[in-house]
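Trainee: The structure is given below, and queries will be raised subsequently.
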Amino acid sequence: SSSEEAAIALKQSASAGEYYVLCRTNLFLGDYYLRTGLYKESLEYYGNAVSVAKEKGLKGINSLSYY
C-alpha cells in the first residue's frame, strides 16, 4: 500500500541524507492520514516535515506544511 511505500521512502531518505525527499514524504503521509481521518498522525508527519526543514534550512516546506 502507499503508506508502506512511504515508510520505506522515509527510511531510505533519512539514511541517505536526502532531506528534501524526507520532508516531502512526511508531507505526503500528513496528507494521507488527513484524508483517512487519522488527524493525530497527520499532525505528527506535518510537524516532522517542519522540524526537518527548519533544521536543514529547506525553503518552501513550511508553507506547504501549514497549508
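The values are calculated or read from the model by the stated rules, or taken from the named source; none is laboratory data. Just so we're clear, the structure is a prediction, and the values are computed from it rather than from any experiment. Here Cβ is always computed from backbone atoms with ideal geometry, including for glycine, and neighbour counts include all displayed protein chains. SASA here: full protein model, heavy atoms, side chains in, ligands and nucleic acids out. Shrake-Rupley method; radii C 1.70, N 1.55, O 1.52, S 1.80 Å.
Trainee: Is the range 2-21 home to any residue that is of a type in the set (A, V, I, L, M, F, W, C) and touching a Gly at 6+ places or on another chain (Cβ under 9 Å)?
Mentor: no
Trainee: Would you check if TYR32 is in contact (Cβ under 8 Å) with a residue 24 or more places away in the chain and open to solvent by 100 Å² or more (accessible area, probe 1.4 Å)?
Mentor: No: the conditions fail for TYR32.
Trainee: Checking the conditions here, which among VAL21, VAL50 is more than 20 Å from GLU5 (Cα to Cα), among the β-branched types (Val, Ile, Thr), surrounded by 14 or more Cβ atoms within 10 Å (Cβ to Cβ) and in contact with a Ser or Thr (Cβ under 8 Å, 6 or more places away or on another chain)?
Mentor: Exactly one of VAL21, VAL50 is more than 20 Å from GLU5 (Cα to Cα), among the β-branched types (Val, Ile, Thr), surrounded by 14 or more Cβ atoms within 10 Å (Cβ to Cβ) and in contact with a Ser or Thr (Cβ under 8 Å, 6 or more places away or on another chain), namely VAL50.
Trainee: Name the pairs whose Cβ atoms lie under 8 Å apart, with the first residue in the range 43-63 and of a type in the set (D, E, K, R), the second surrounded by fewer than 19 Cβ atoms within 10 Å (Cβ to Cβ) and in a helix (DSSP H, G or I), and 6 or more positions between them or separate chains?
Mentor: Once the first residue is of a type in the set (D, E, K, R) and sits in the range 43-63, its partners that are surrounded by fewer than 19 Cβ atoms within 10 Å (Cβ to Cβ) and in a helix (DSSP H, G or I) give LYS54/ASN62; LYS56/TYR19.
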